Amino acid sequence: MRVLVVEDDVELAHGMVSHLQAQGVTVEAVDDGEVARRRLAAGGIDMALIDVGLPGLSGYELVRGIRADKLPVAVILVTARDALSDRIYGLDLGADDYLAKPFELGELSARMRAVARRIGHLARSERVFGPLKMDAEDHMATLAGEPMTLTGREWAVLAALVESGGRTVPKERLVADGSANAVEVYISRLRPRLEVAGLVIRSVRGFGYRLEHRGNAPDPGDGGSTNA
């Protein structure tokens, strides 16, 4: 599941992103409603955690647009507006849940799981790529039948590569803690562990990475690939 955090409170957004990444969730964050609208329209987001008071476009307007455009995105409004009338308004617009600030991050995760189960986004969370299996619900990974121990950041990077189905993933979508260098560290840790089972993380110069079975043909047009 790929989650978009739409929150203009930098400290809160960082806390939410760090918490979810530590659980193996693939997360992006934006701080502007109009930017969020464009990102959601581009596709690939399963769930959005949306503040109401946003620059550019309010959270309510964003939810209205998501539902008007029939985007397959689950929505949890996360806001300090906790009056009953605000909650009713947000839910009537099409939000799947409404979480008032301040909140505990554990409750946020629980509400996300409940929404995902209820609307069927995660009927089963297992992803398979050759000998690699990753189950986000149980947070378990196996490689050629053997358990893998992964840090939260390693899990997030590897999950994004697996979910891409062999397509190249832009580097910026893998960036954790705002550092491109950190992604390179996680990739370097993962490569030798995967290669023993015939999986290779290819670098595509100037763009990102993709996961391949050894011997698979590269994507057309990706002639700039290297394993460096």
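The values are calculated or read from the model by the stated rules, or taken from the named source; none is laboratory data. The shown structure was predicted, so the numbers you read here are calculated from the model rather than taken from an experiment. As a convention, Cβ positions derive from the backbone with ideal geometry for all residues, glycine included, and neighbour counts pool all protein chains shown. Keep in mind that these areas ignore ligands, DNA and RNA; they rest on the heavy atoms of the full protein, side chains included. Shrake-Rupley method; radii C 1.70, N 1.55, O 1.52, S 1.80 Å.
General observations
- The single condition from (1) at pLDDT below 90; (2) of a type outside the set (Gly, Ala, Ser); (3) within 19 Å of the chain's Cα centre (by Cα); (4) farther than 18 Å from VAL27 by Cβ that VAL157 fails is (4).
- Considering the conditions (1) closer than 18 Å to ARG210 by Cβ; (2) of a type in the set (Val, Ile, Thr); (3) surrounded by fewer than 18 Cβ atoms within 10 Å (Cβ to Cβ); (4) at pLDDT 85 or above, VAL162 is excluded by exactly one of them, (3).
- Of all the criteria given as (1) in a helix (DSSP H, G or I); (2) aliphatic (A, V, I, L, M); (3) modelled with pLDDT of 85 or more; (4) over 15 Å from the mean Cα position of the chain (by Cα), the one not satisfied by ALA141 is (1).
- Qualifying residue in segment 23-45 (condition: out of contact with any strand residue (DSSP E or B) (no Cβ under 9 Å at 6 or more places or on another chain) and within 24 Å of GLY106 (Cβ to Cβ)): yes
- Count of segment 168-204 residues which are at pLDDT 85 or above, in a loop (DSSP other than H, G, I, E, B) and not polar (S, T, N, Q): 3
- Positions within segment 145-154 being surrounded by 14 or more Cβ atoms within 10 Å (Cβ to Cβ) and modelled with pLDDT under 90, in sequence order: LEU150, GLY152, ARG153, GLU154
- The residues of segment 1-17 that are open to solvent by less than 30 Å² (accessible area, probe 1.4 Å) and either hydroxyl-bearing (Ser, Thr, Tyr) or part of a loop (DSSP other than H, G, I, E, B) (or both) amount to a single one, GLU7.
- Some residue of segment 147-165 being basic (Lys, Arg) and free of Cβ contacts under 8 Å to residues at least 40 places away in the same chain: no
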